[in-house]
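**Q** Here you go, one structure.
The values are calculated or read from the model by the stated rules, or taken from the named source; none is laboratory data. Keep in mind it's a predicted model, so treat the numbers as computed, not measured. All Cβ positions, even for glycine, are placed from backbone atoms using ideal geometry, and neighbour counts span all protein chains on display.
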């Protein structure tokens, strides 16, 4: 975004409108597991290890032209959800379509799909280029030998935990994903609470 949104260009034309916010919704992990997976991802030479915490994506890079409606929608889905158990076991890969190695979501797979389908409606409705597949990325866009190493090193990895909330993120003007709100499953909606972001 330009520093002066209302400034006019040197030629007198109005600047382009600010892009619509990009929304992401994820399931975060307990700190111990997140720290372990960050270390593994870094060991495979993935530069995103220090930038992107371990997570399961529910919604990614989806535009919205109504942030308030989006917040209300995500809160509503969270209020109707219940905590559930996630188990990660073994590795898979999206190769050759995409240079990604991931941990498989075994227990909790169907719950993730249901959350995704509920979220990707209303203000977040869009057509995805690929079917939704819950997973945890452990190596992305690194040399083939590093992808092979990730797939091999974590093939017997197994961990489980309970998820009881999901994080609503916005992709900001600097190119970073910023947490706007952590939404507990089953929490009653509070119409009087202050919105974390006004758009």
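**Q** Does any residue in the stretch 164-185 that is on the phi > 0 side of the Ramachandran plot and in contact (Cβ under 8 Å) with a residue 24 or more places away in the chain come within less than 9 Å, Cβ to Cβ, of a residue that is surrounded by fewer than 18 Cβ atoms within 10 Å (Cβ to Cβ) and part of a strand (DSSP E or B) six or more places away or on a different chain, and which pairs are these?
**A** Qualifying pairs under 9 Å: none.
**Q** When you check residue 144 against the structure, is it more than 25 Å from residue 32 (Cα to Cα) and modelled with pLDDT of 95 or more, yes or no?
**A** Here the answer is yes, as residue 144 does meet what is asked.
**Q** Still on this structure, I have one more. Just for the stretch 129-173: of the residues that are touching a helix residue (DSSP H, G or I) at 6+ places or on another chain (Cβ under 6 Å) and part of a loop (DSSP other than H, G, I, E, B), which one is surrounded by the most Cβ atoms within 10 Å (Cβ to Cβ)?
**A** Among residues in the stretch 129-173 that are touching a helix residue (DSSP H, G or I) at 6+ places or on another chain (Cβ under 6 Å) and part of a loop (DSSP other than H, G, I, E, B), the one surrounded by the most Cβ atoms within 10 Å (Cβ to Cβ) is 134.
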